[in-house]
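Okay, so here's the structure we're looking at.
The values are calculated or read from the model by the stated rules, or taken from the named source; none is laboratory data. Please read all numbers here as calculations on a predicted model, not as lab measurements. Note: ideal-geometry Cβ built from the backbone for every residue, glycine included; neighbour counts use all protein chains shown.
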Amino acid sequence: MAQFDFDAVVVGAGAVGLACGYALSRRGLTVAVLEAQDAIGEGISSRNSEVIHGGLYYPTGSLKARLCVEGRRALYAFLEAHKVDFDRCGKLVVATEPGEVDRLEPIMQQALRNDVEGMRTLSSAEVHEMEPELKCEAALWSPQSGVFDSHGYMLALQGEIEAAGGAVVLATPFEGATPLDGGGFKVRAGGAEATNLTCRLLVTAPGLAAQDVARHIEGFPADTIPELHLGKGVYFRLTGRAPFSRLIYPPPVPGSLGAHYRRDLGGQAVFGPDLHFVDHADYSVDPALAGEFYAEVRSFWPQLPDGALVPDYAGIRPKLHGPNEPQPDFRIDSPSVHGLPGLAALFGIESPGLTSSLAIGETVAERLGLEPAT
């Protein structure tokens with residue numbers, strides 16, 4: 001039997017890559033997680049809403065629907081066990097005009113099909129009891145939604161991997177992989193101390209670099225690599241008191257859940273993200289976009305004062321669809337897709353990828369033929 005340096009190598013130490021490493025570690029495998037940056041979670045995982053999604057919207061039978069609900073349940077348990085801060089504050093999906101009320105019922109029915117717990121339809125009066133400043137004709141209530149400390153979560157995942165004998169190796173970019181005769185891979189890693197290492201299993205979860213990483217795996221069929229589209233979203237922060245204690249969302253728009261409100265764990269109010277497709281990763285926030293945010297926020301919070309929104313940060317989502325195209329499912333490609341035994345390649349892991357991350361890790365392990373963890 002071949003001897004490998006590690007049972008498994010995972011490319012990417014964001015939330016999803018670390019969750020994959022954790023899932024493999026739980027099965028007794030020695031795991032190396034390679035990260036190009038100098039710290040974990042420096043990519044997509046550092047530029048999101050830190051929202052725990054209930055799982056309301058996603059199409060029946062999709063990976064997003066199943067893994068969001070499974071992942072959310074597992075995530076709360078993990079956060080509690082590892083003493084990572086979170087707030088299960090709940091979420092209101094609001095119809096701010098009479099013409100939007102009919103849009104709530106299909107969301108409710110989809111949430112019920114997705115096995116989302118505790119969903120209720122609320123009248124304007126019921127919502128006003130919960131959030132007196134919220135303009136609302138009717139709303140859906142999702143009590144299982146929340147916010148959490150995503151970096152604390154990733155540190156806990158790293159700790160679990162290392163406690164199981166694995167390693168999270170920073171400043172070590174993936175440069176390529178070659179399948180070995182008899183199974184497994186030789187992985188080329190760069191950085192100041194470039195090296196080659198061997199592994200039986202390989203998982204690629206590098207977010208925005210997923211397509212580029214796949215192209216550097218010898219024998220990976222190019223026609224199975226989906227096109228990458230960059231979906232930029234910016235956030236504005238409120239100066240002053242946070243007006244609501246719960247998440248506030250409009251009905252979703254094509255390709256996005258819409259710019260929403262959250263009160264972060266520090267008690268500050270943040271609005272966003274919006275969605276603009278861009279040609280390159282640019283994390284600047286154009287202050288001129290504030291005008292669009294004022295209009296959207298005032299649709300549900302008319303009291304928003306002039307001058308109260310300040311540019312905050314931006315994120316880039318690795319979308320598999322372009323403007324005006326239907327939003328596809330997560331891609332967790334196993335050997336049945338690309339033909340390379342021992343490889344799982346992830347593409348398009350955007351929202352609700354953070355919420356789904358633990359369940360994504362479990363699915364990766366399953367698709368690599370591993371038995372459930374005991």
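For the reader, a short list of remarks on this structure follows.
- Taking the criterion of being part of a helix (DSSP H, G or I), touching a helix residue (DSSP H, G or I) at 6+ places or on another chain (Cβ under 8 Å) and hydrophobic (A, V, I, L, M, F, W, C), the residues of the stretch 70-95 that qualify are Ala74, Leu75, Phe78, Leu79.
Rundown of residues vs (1) polar (S, T, N, Q); (2) part of a loop (DSSP other than H, G, I, E, B), yes/no style:
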residue	(1), (2)
Cys20	no, no
Ala23	no, no
Gly41	no, yes
Gly61	no, yes
Lys64	no, no
Glu100	no, no
Gln109	yes, no
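- Residue in the stretch 43-52 that is assigned to a strand (DSSP E or B) and closer than 20 Å to Thr178 by Cα present: no
- Qualifying residue in the stretch 186-203 (condition: in contact with an Asp or Glu (Cβ under 7 Å, 6 or more places away or on another chain), closer than 19 Å to Val31 by Cα and among the small types (Gly, Ala, Ser)): yes
- Of all residues making up the stretch 12-37, the number that are of a type outside the set (Ser, Thr, Tyr) and either closer than 12 Å to Ala167 by Cα or surrounded by fewer than 24 Cβ atoms within 10 Å (Cβ to Cβ) (or both): 14
- Residue in the stretch 299-316 that is surrounded by fewer than 21 Cβ atoms within 10 Å (Cβ to Cβ), assigned by TED's automatic domain parsing to the domain that holds Glu97 and at pLDDT below 95 present: yes
- Scanning the stretch 317-332 for residues that are farther than 17 Å from Leu208 by Cβ and of a type in the set (D, E, K, R), we see that the one that is surrounded by the most Cβ atoms within 10 Å (Cβ to Cβ) is Asp329.
- Test for Phe277: is it buried (at least 18 other Cβ atoms within 10 Å of the Cβ) and assigned by TED's automatic domain parsing to the domain that holds Leu134: no
- Matching residues, the stretch 105-121, being surrounded by fewer than 19 Cβ atoms within 10 Å (Cβ to Cβ) and either within 30 Å of Val31 (Cα to Cα) or touching a helix residue (DSSP H, G or I) at 6+ places or on another chain (Cβ under 9 Å) (or both): Gln110, Arg113, Asp115, Glu117, Arg120, Thr121
- Selection within the stretch 98-128 - under 18 Å from His53 (Cα atoms) and of a type in the set (A, V, I, L, M, F, W, C): Leu104, Ile107, Met108, Ala111, Leu112, Val116, Met119
- Within the stretch 285-342, the only residue that satisfies the criterion of being within 24 Å of the chain's Cα centre (by Cα), under 30 Å from Thr239 (Cα atoms) and of a type in the set (Lys, Arg) is Arg317.
- The set of residues in the stretch 52-70 that are among the β-branched types (Val, Ile, Thr) and touching a strand residue (DSSP E or B) at 6+ places or on another chain (Cβ under 6 Å) contains only Ile52.
- Filter result (basic (Lys, Arg) and either surrounded by fewer than 16 Cβ atoms within 10 Å (Cβ to Cβ) or farther than 22 Å from Pro352 by Cα (or both)) within the stretch 189-235: Arg200, Arg215
- The residue pairs whose first member lies in the stretch 226-251 and is at positive phi, whose second member is assigned to a strand (DSSP E or B) and surrounded by 18 or more Cβ atoms within 10 Å (Cβ to Cβ), and whose beta carbons are closer than 9 Å, counting only pairs six or more residues apart or on different chains, are Gly240/Ala269.
- Residues being in contact with a strand residue (DSSP E or B) (Cβ under 7 Å, 6 or more places away or on another chain) and of a type outside the set (Gly, Ala, Ser) - total across the stretch 150-168: 4
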